[in-house]
Amino acid sequence: MPDKVDVAIIGGGAAGLMCGLTAGRRGKRVRVIEHANRVGKKILMSGGGRCNFTNTGTTPANFLSANPHYCKSALARFSPGDFIEMVDAHGIAWHEKELGQLFCDDSSKQIVRMLLDECADAGVQVQTSCRIEGVQKMADGFRLETSSGTVECPALVVATGGLSIPSMGATGFGYELARQFGHSVRPTRAGLVPLTLSGTHQQRVQDLSGVALPVESRCNGQAFRADMLFTHRGLSGPAILQISSYWQPGDDLRLDLLPDRDAL
Ligand SMILES: Cc1cc2nc3c(=O)[nH]c(=O)nc-3n(C[C@H](O)[C@H](O)[C@H](O)COP(=O)(O)OP(=O)(O)OC[C@H]3O[C@@H](n4cnc5c(N)ncnc54)[C@H](O)[C@@H]3O)c2cc1C
């Protein structure tokens, strides 16, 4: 006999757990199915281990999407203030670093614990080390074949995240499933990443590794004023991470190391 739930969620990351606890609070029977041996691995490494859990200045303009309206209703229904309320209710101490970025004083583990406690309170089943072997559309919902048996559900949420850091459990599962159900999938590319250099450029920056300075980074009509960090492999820091989302191989990237000043 298949297990029956109201909502099955594939992926136990930030999105899967948030979705699970929200549906659970609405009285739904929910199961979160995670293939890794624990949930929230990316949350654990986020914000250098202290999880930059929200930004008080979040607006739809901060989201890159082929459909810029897509995030509007979600942001209107659940604001940074709502998340801060949850963090406070769990007694997690936090601080603002800069530009509205909020971090845990102690550890990202507290955010994972909070999400799991909220799921438990809402009666959500969280199943780890469970592989999805097939997803089929039925007349009244979906049928999942998993390594722990068959699950049937009227509502299926795919929250398997993006492709970055496969060692943390990331897969292309969501994209493959979207294709299976006839959706078009836009080409994927890296975003919010450091830039690696090669050849003489890399040799030049190696000696400066560890040095940070305020810069202006510019590419394809976007500009960011923030710190840039020289690393052994290239360039990092907020000014580079931000502009990386607008850069594609071959594009012109300009870095002003003396913004508003004349070097002469
Ligand atoms: C180094 C780093 C630092 C970051 N720092 C921050 C930060 O400080 N603040 C911030 O807001 N964001 C940060 N991010 C981004 C943030 O981690 C992601 O935006 C967020 O975790 C995405 O959540 P998600 O649930 O969509 O995806 P994920 O966290 O990737 O979760 C997807 C889950 O699905 C599971 N999964 C994948 N395939 C399957 C499958 N076939 N079956 C079952 N389960 C599957 C994965 O194992 C994973 O647990 C950081 C990211 C990185 C890489």
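Since every read-out is calculated from the coordinates, none of them should be taken as a lab result. All values reported here derive from a predicted model rather than from experimental measurement. Here the Cβ positions follow ideal geometry from the backbone for every residue, glycine too, while neighbour counts run over all protein chains shown.
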>> Exposed loop sites here are chymotrypsin sites (Phe, Trp or Tyr not before Pro) in DSSP loop states with at most 15 other C-beta atoms within 10 Å. What is the longest stretch of the chain lacking them?
In response: 79-180
> Restricting attention to the range 182-255, which trypsin sites (Lys or Arg not before Pro) occupy a DSSP loop and are surrounded by at most 13 other Cβ atoms within 10 Å?
Replying inline: ARG189
> Just the Cα atoms of the range 195-256, one point each, no solvent: what log10 I(q)/I(0) does Debye give at q = 0.13, 0.22, 0.29 Å⁻¹?
Replying inline: -0.30, -0.86, -1.26
> LYS42: which lysines have alpha carbons under 26 Å from its alpha carbon, excluding same-chain residues fewer than 8 sequence positions away?
Replying inline: LYS72, LYS97, LYS109
> Once you list every other residue whose beta carbon is under 14 Å from the beta carbon of LYS97, what net charge do they have if Lys and Arg are +1 and Asp and Glu are -1?
Replying inline: -3
> Tell me, what HN-Hα J-couplings in whole Hz come from the Karplus equation 6.51 cos²θ - 1.76 cosθ + 1.60 at θ = phi - 60° for each residue of the range 113-122, using x for Gly and Pro?
Replying inline: 4, 4, 5, 5, 5, 5, 4, 4, 4, 8
> Projected onto the charge dipole of the range 96-147 (+1 at Lys/Arg Cβ, -1 at Asp/Glu Cβ, origin at the Cα centre), which of MET138, VAL126, GLN101 gives the Cα projection farthest towards the positive end?
Replying inline: MET138
> Gain in length, MET168 to ARG26, computed as 0.36 nm per residue apart minus the alpha-carbon separation, to one decimal in nm?
Replying inline: 48.1 nm
> Which GluC sites (Glu not before Pro) does the range 65-134 hold that lie in a coil by DSSP with at most 11 other beta carbons within 10 Å?
Replying inline: GLU98
> Under a Cβ-Cβ cut-off of 11 Å, what is the net charge of the residues other than ALA36 that fall near it, where Lys and Arg count +1 and Asp and Glu count -1?
Replying inline: +3
>> Please compute the volume of the convex hull spanned by the alpha-carbon atoms of the chain and report it per residue in Å³.
In response: 164
>> How much of the DSSP bridge set in the chain is antiparallel, in percent, rounded to the nearest 5?
In response: 70
> HN-Hα J couplings of the range 171-186 from phi, Karplus 6.51/-1.76/1.60, θ = phi - 60°, integer Hz, Gly and Pro as x?
Replying inline: 9, x, 3, x, 5, 5, 5, 4, 5, 4, 9, x, 7, 8, 10, 6
> What ³J(HN,Hα) values, in whole Hz, does the Karplus curve 6.51 cos²θ - 1.76 cosθ + 1.60 give for the range 126-133 when θ = phi - 60°, with x put for Gly and Pro?
Replying inline: 10, 10, 9, 6, 10, 8, 8, 9
>> Rounded to the nearest 20 debye, what is the charge dipole size of the chain about its Cα centre when +1 sits on each Lys and Arg Cβ and -1 on each Asp and Glu Cβ?
In response: 620
>> Less than 12 Å Cβ to Cβ from ASP3, Lys/Arg counted +1 and Asp/Glu -1: what total charge do the surrounding residues give?
In response: +1
> Can you sort ILE84, ILE132, ILE111, ILE165 so the residue with the fewest Cβ neighbours within 10 Å comes first?
Replying inline: ILE165, ILE84, ILE132, ILE111
> the range 6-62: which trypsin sites (Lys or Arg not before Pro) are DSSP loop and have at most 16 other beta-carbon atoms within 10 angstrom?
Replying inline: ARG26, ARG29, ARG38
>> To make sure I understand, if each residue's beta carbon is the centre and we count other beta carbons within 10 Å, what order do VAL151, VAL30 fall in, fewest to most?
In response: VAL151, VAL30
> How high is the relative contact order of the chain, given as a whole-number percent (alpha carbon pairs under 8 Å, six or more residues apart)?
Replying inline: 18
